[in-house]
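What follows is a single structure, written as structure tokens, with notes after it.
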């Protein structure tokens, strides 16, 4: 017989049957169960009052029509719990349903906040729809390996590791999300696309190793964190509001062919390292390209940096097809950390297999300054004036 914990009077007969089955004396009313769940926020004891406990493995459904808060660890490790129905619950505490390995159906239409690890390792949960939820805590749904879709239309913040390791997740709907936390979707290997039209910040490792991710719509994102999209399957990235691309943000995105970031000012170290399909870059606002930023982008043939002020060490190392570095619109000679910035490129090489050498296009007004500048003077034979 399925054991149901509820405060709905329609289930009074079921409640009485549970009491009879387990040999308890007295009347087992739905109100007692309602009081028990409310007691969680006061005493922090167990889900049921003393003497009312049901073996964790036996409870299969929890249905509470009036409960507004579920305290931390309330149903943690209830291995047989399959249904959680709390239509008026507004807050779900940390670990509330963690490790409920049979949980497959949840209903929380009024919930506005999901705390840390609330549904951690609920391995039977295939979808999560929380129409009123505003914040999702750290690791709230981490390692829910059967989760295929999530729908959070009002959510503005996703905590770190929130959906980490949800290896079946293929679809997310978060049109109001403004912030995606550290490693929030890392390891979601079936996630094919994301649309975050209101997101302004994506933290480090947020989508790292989402190997099926080919499309990311992030029109308002200003900051892309360290390793945020590293080793993803992106074919293009358009981030028209992005100002900062942090270290290793797109490292290893070997399918990335185009990146449009007209407002980007900083490309961190290893930012696009190993993006072997990237053929050209035009960063009209970029002032700083850090070490190894475009290293090993073997198909990169053209780079235009009209606002550049600093190029870091090994920034274009082993870009073996880089034929043109276009600096014709710079206002001054940028700082160049070392000649190795262009190591292994046709710009630096003294000989090439094709006999063709790369070129650096500089403003005619600054040609003399470039050919006499420290480090840059090494490439004087490759410079042409615009």
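The values are calculated or read from the model by the stated rules, or taken from the named source; none is laboratory data. This structure is a prediction, so every number in the text was calculated from the model and none was measured. Note that each Cβ is placed from the backbone with ideal geometry, even for glycine, and that neighbours are counted across all protein chains shown.
Which residue, of 215, 191, 234, is at pLDDT below 95 and under 22 Å from residue 149 (Cβ atoms)? The unique qualifying residue is 215. Of the strands (runs of 3 or more DSSP E) entirely within region 70-184, none holds at least 2 residues that are without any contact (Cβ under 8 Å) to a residue 12 or more places away in the chain and in contact with a strand residue (DSSP E or B) (Cβ under 6 Å, 6 or more places away or on another chain). Pairs under 8 Å by beta carbon, first residue on the phi > 0 side of the Ramachandran plot and touching a residue at least 24 places away in the same chain (Cβ under 8 Å) in region 186-200, partner outside any loop (DSSP other than H, G, I, E, B) and surrounded by fewer than 22 Cβ atoms within 10 Å (Cβ to Cβ), six or more apart or different chains? Listed by first residue and then by second, the contacts come to nothing, as the list is empty. Just one of (1) within 22 Å of residue 69 (Cα to Cα); (2) under 15 Å from the mean Cα position of the chain (by Cα); (3) surrounded by fewer than 20 Cβ atoms within 10 Å (Cβ to Cβ) fails for residue 154. It is (2).
All of 303, 315, 258, 293 fail the test of being within 25 Å of residue 238 (Cβ to Cβ), modelled with pLDDT under 95 and in contact with a strand residue (DSSP E or B) (Cβ under 8 Å, 6 or more places away or on another chain), apart from 258.
With respect to residue 249, is the statement that it is surrounded by 24 or more Cβ atoms within 10 Å (Cβ to Cβ), out of contact with any helix residue (DSSP H, G or I) (no Cβ under 6 Å at 6 or more places or on another chain) and outside any loop (DSSP other than H, G, I, E, B) true? So residue 249 does not fit the description; no. Counting only strands (runs of 3 or more DSSP E) wholly contained in region 278-386, the ones carrying 1 or more residues that are within 25 Å of residue 258 (Cα to Cα) and touching a helix residue (DSSP H, G or I) at 6+ places or on another chain (Cβ under 6 Å) occupy 359-362.
Let's see how each residue does on (1) crowded, with 22+ Cβ neighbours inside 10 Å; (2) without any contact (Cβ under 8 Å) to a residue 24 or more places away in the chain; (3) farther than 24 Å from residue 222 by Cβ:
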position	(1), (2), (3)
293	yes, no, no
301	no, yes, yes
313	no, no, yes
368	no, yes, yes
377	no, yes, yes
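Quick one: is residue 142 over 24 Å from residue 242 (Cβ atoms) and surrounded by 20 or more Cβ atoms within 10 Å (Cβ to Cβ)? Yes; evaluated as a whole, the condition is true for this residue. Residue count for region 345-370 satisfying the condition of being modelled with pLDDT of 95 or more and farther than 18 Å from residue 316 by Cα: 8.
Only residues that are outside any loop (DSSP other than H, G, I, E, B), over 19 Å from residue 104 (Cα atoms) and modelled with pLDDT under 90 were counted across region 40-69, and they come to 4.
Exactly one residue out of 148, 223 is surrounded by fewer than 16 Cβ atoms within 10 Å (Cβ to Cβ) and at pLDDT 95 or above, and it is 148. The selection criterion, being under 18 Å from residue 384 (Cα atoms), surrounded by 22 or more Cβ atoms within 10 Å (Cβ to Cβ) and more than 36 Å from the chain's Cα centre (by Cα), holds for residue 346. Go through region 221-232 and give me each residue that's assigned to a loop (DSSP other than H, G, I, E, B) and in contact (Cβ under 8 Å) with a residue 24 or more places away in the chain. Those that are assigned to a loop (DSSP other than H, G, I, E, B) and in contact (Cβ under 8 Å) with a residue 24 or more places away in the chain: 221, 225, 226, 227, 228, 229, 230, 232.
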